[in-house]
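Every read-out reported here was derived from the displayed coordinates using simple, explicitly stated rules and does not represent laboratory data. Quick caveat, the model's predicted, so the values are computed rather than measured. Don't worry about glycine lacking a Cβ; one is built from the backbone with ideal geometry, like all the others, and counts go over all protein chains shown.
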Amino acid sequence: MGDHHDEPGIPEVGRRHGVGAGQIVEVAGGVANRGFVLGEELFLRVCRAGFEGDLRKEAAVVPVARAAGVLTPAIIEYDDSRAIIDAPYVVMQRVHGVEPTDGPPKGLAEQLARLHQHERTEIPGLPQDDRDDPWQTVDQLAERGTIDLGTAKWLSDWFTRLSGRFARNETKVLIHGDVAAHNLLAGPDGDLRALIDWGDAARAPRGMDFAKLPLEHVAAILPEYVRHTQHAVREEEVAAATLWFHLDWGLGKLTADPWPGQRHWTAPPGSRVLGLLRFFAAGPPEPWRDLT
C-alpha cells in the first residue's frame, strides 16, 4: 500500500467526508476498481475503464441486499458525474476484517439464504443469467481433440443425469455472483463480517452462487443454507445444480491460456476439473456421492 493523496480528485473526495490526505491509502489489487482506505470508517472505490456498468449495478444492488439483512457495507455516496474524479466512484462504510483462509466463514450460509429469498423487485442494470449448454461444450472439446470420444459420452451422460436432479425451469433468485474468499471479510473469531463487491450480481439459478467456492466448502455450508431457506429447497437439488456449474465451467476453461499470478483458485485452466477429482476422491458426504 502507498499514500496516493496527490492524485487528482482523491483528496477532494476525502475532504468531502472529513478525511485528510494523510489518511488516504490505496489498497493493492482490484480488477474492476481501485480501492482507497479513507481513514478508519470509510472506503473509496474508483471504477476502472470498462467496468462502469458493474459499479452502477452495485450501487443499486447493495441497498436491496442490506434491506434483506445481508451483511455488506453501506454505500455513503455514489457519483458518476466525473466532476471530481474522471471515473465513477463509491464511498462505502469500511468494514474491518480479513479474507478467510481456512474455509468458509461462519454465517455465510445464512447470509446467502437471506439474499436468495429476497422478494423480486426491479433493480436497474441487473442481468438475467442462466445455464450454458454443456453438451455443446463437450462436443467442441471432443472435436478439438481435447478429450476422447469415450470421455465425451461419459460427460454428456453425466450432465443428462444431473439435469434430472434439479428443475431446469427453476425460479431465478438474486445472487451475489462472485462468492469467493477475496470477496468475504471475516473477523478474528471466524464469523462473516461482510460480503463485498457486487459487480457480478444477477438474477440466476441459486446454484450459480456456489460455483466459485471449492466444492469442499459448498458441502460444508449447504445443510445450514437449506435450514435457513424458508421456501422448500432440497439439499440434493442445490448440490446437483451447483455441481452442474462446477463441471460446466471447468470443462469450458480447459482450453484457456494459463493465467499466472492470480490468487483465485479457479484461475488456472485445469483447477476446477482437478478440484472435482479431489472432492470426489476424498469420499464426499451425501447427497454428493450419489451425484456422479
Open item on the list: For region 180-238 and region 48-77, what is the centre-to-centre distance using only Cα atoms, to the nearest Å?
Closed with: 18
TODO: Give the angle, between 0 and 90 degrees and rounded to the nearest 10, that separates the Cα long axis of helix 235-252 from the longest principal axis of the Cα atoms of the chain.
DONE: 80
Task: GNM top mover of Gly199, Gly177, Gly270 - the chain, alpha-carbon springs below 10 Å - done: Gly270
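Compute and list, largest first, the equivalent-ellipsoid semi-axes of region 1-157 from the alpha carbon gyration tensor, each √(5λ) rounded to a whole angstrom.
Working: eigenvalues 297, 84, 61 Å².
After scaling each eigenvalue by five and taking roots: 39, 20, 17 Å.
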Open item on the list: Amide H of Val27 versus every other amide H placed in the peptide plane: which residues, excluding those fewer than 5 positions away on the same chain, fall under 5 Å?
Closed with: Gly35, Phe36, Val37
Open item on the list: If you restrict to DSSP beta bridges whose two residues both lie in the chain, what percentage is antiparallel, to the nearest 5?
Closed with: 95
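What's the ranking of 62-71, 145-154 by average number of surrounding C-beta atoms within 10 Å, highest first? Walk me through the numbers before you get to the answer.
Working: 62-71: 17.2, 145-154: 12.3.
Result, highest mean Cβ count within 10 Å first: 62-71, 145-154.
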Task: Order of Asp80, Asp86 under a 10 Å beta carbon neighbour criterion, fewest first - done: Asp86, Asp80
Task: Integer Hz, Karplus 6.51/-1.76/1.60 couplings in order for region 102-107, x for Gly and Pro - done: 10, x, x, x, 5, x
TODO: Quick one: among Ala49, Ala202, Ala194, which has the greatest mean-square fluctuation in a GNM of the chain with alpha-carbon springs under 10 angstrom?
DONE: Ala49
Task: Farthest positive-ward along the chain dipole, Cα basis, beta-carbon charges - from Ala87, Thr137, Leu126 - done: Thr137
Task: Placed amide H near Ile76: partners under 5 Å, 5+ positions off or other chain - done: Val91, Met92, Gln93
TODO: Determine, for Thr101, Thr229, the number of other Cβ atoms within 10 Å of each Cβ, and report the residues in order from fewest to most.
DONE: Thr101, Thr229
TODO: Treat every Asp and Glu Cβ in the chain as -1 and every Lys and Arg Cβ as +1, leave all other atoms uncharged, and give the resulting dipole magnitude about the Cα centre to the nearest 20 debye.
DONE: 420
TODO: Calculate the dipole size of region 2-93 relative to its Cα centre from +1 charges on Lys and Arg beta carbons and -1 charges on Asp and Glu beta carbons; express the result in debye to the nearest 20.
DONE: 300
